[in-house]
1. Quick one: compute the contact order of the chain, relative version, from alpha carbon pairs under 8 angstrom and 6+ residues apart, as a percent.
2. Net charge near Trp202: determine it from the other residues with C-beta under 14 Å of the C-beta of Trp202, scoring Lys and Arg +1 and Asp and Glu -1.
3. With all protein chains present, how much of the accessible area of region 75-160 (probe radius 1.4 Å) comes from carbon and sulfur, to the nearest whole percent?
4. Using a basic spin-label model with each label point 7 Å from the Cα along Cα→Cβ, how many nm lie between Ala4 and Glu213?
5. Who wins for biggest fluctuation among Phe138, Phe120, Phe229 in a Gaussian network model of the chain, springs between alpha carbons below 10 Å?
6. Hey, with R₀ at 25 Å, roughly what FRET efficiency would Leu240 and Arg171 work out to, going by the Cβ-Cβ distance, to 0.05?
7. With a 1.4 Å probe and all protein chains left in place, how much accessible area per residue does the chain have, in Å²?
8. Let a ≥ b ≥ c be the square roots of the eigenvalues of the Cα gyration tensor of region 35-136; is it rounded (a/c under 1.5), or, if not, prolate (a/b larger than b/c) or oblate?
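The values are calculated or read from the model by the stated rules, or taken from the named source; none is laboratory data. Small disclaimer: the values here were computed from a predicted structure and weren't measured. Cβ placement follows ideal geometry from the backbone for every residue including glycine, while neighbour counts extend to all protein chains displayed. Calculation scope for accessible area: heavy atoms of the full protein, side chains included, ligands and nucleic acids excluded. Shrake-Rupley method; radii C 1.70, N 1.55, O 1.52, S 1.80 Å.
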Amino acid sequence: TYVADADFVAALSALTERVHDHGSRIALQLEHGGLRSMETWNAAYRAEHPDLDQLAVSRPPAPLRLADRLGLLDLSPHVMTTDEVYELAADFGRAAARAVDAGYDVIHVAGANMGIVHQFLSPFYNRRDDEFGDGPRFLELVHDEVRSRVGDVPLMTKVPAETEVPSVIRRRLTRRDAVGVCRRLADYGYDALVPVNGTVVWDMSIVRGSFPERAWRDESFQDAYRDTFGGRLRRDLVELGNRVESLAFGFEPAWNAGLTRDVRRVVDVPVLAEGGIRRRGRMDRLLGSACD
């Protein structure tokens, strides 16, 4: 919503100017939630905007439809037509142009964490029968829209590998698939890539480590939790789910390094690494081997 607001983005020039004053550069990440949009999971937001539908790549997968029937989600998907997909890509281009006008130096398309770009890439979500059934095609179109509006401003994207998916889910982006997508996007013209391991739903694999006990217990958050999740019971269920998931996804320093190393072998553009990288010594060891 904020990046779609031209006045809001224009006001960010005060931020970018300060960054430039210190000799640094700054990127803006463009994202659209699709089936992960706020009206799906935020009960208070949904109540304030009852007519909002989620943009969907295809009919939601069966596990999400089940969660909707159980009341854990609130789905009202609108499956985009081919023309609407083209218009969405144009929205990414227009948002990029606003960002560059405000002084941002790099455009980063959020291609992971179950946003709509990830939903195009993932066979778990994408069952289209038009040209966009080929998931990377959407990112290629976004590339063209951005380039047509901002020229050669550096353009990068995340690329997910759905390595943390339970084995019962057969349709997924394998590590090999993700490496292939990265090679294709590098050849197409993306200036840098950020490969990440993940899954097909929003869970603790994204923020690995110990259960965030303090955040769940902080009294100043409790009203917001209840508003967000639609009551105390649903809030408690989400907390329980986070607690169980935290046992499955322990902290592992630089947990994407193996994937980034594989990608770096097959592309000629910079490969960035993120995820549990906290110490200078580890950064020095990763640079030039697992990432750039």
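1. 17 percent
2. -3
3. Numbers: 1320 of 2800 Å².
With neighbouring chains kept in place, the figure for region 75-160 is 47 percent.
4. 4.1 nm
5. Of the options given, Phe229 has the highest mean-square fluctuation.
6. Between Leu240 and Arg171 the formula returns 0.35.
7. With all protein chains present, the chain gives 51 Å² per residue.
8. On the way: a/c = 2.05, a/b = 1.35, b/c = 1.52.
Oblate shape, in that a/c is at least 1.5 and b/c is the bigger or equal ratio.
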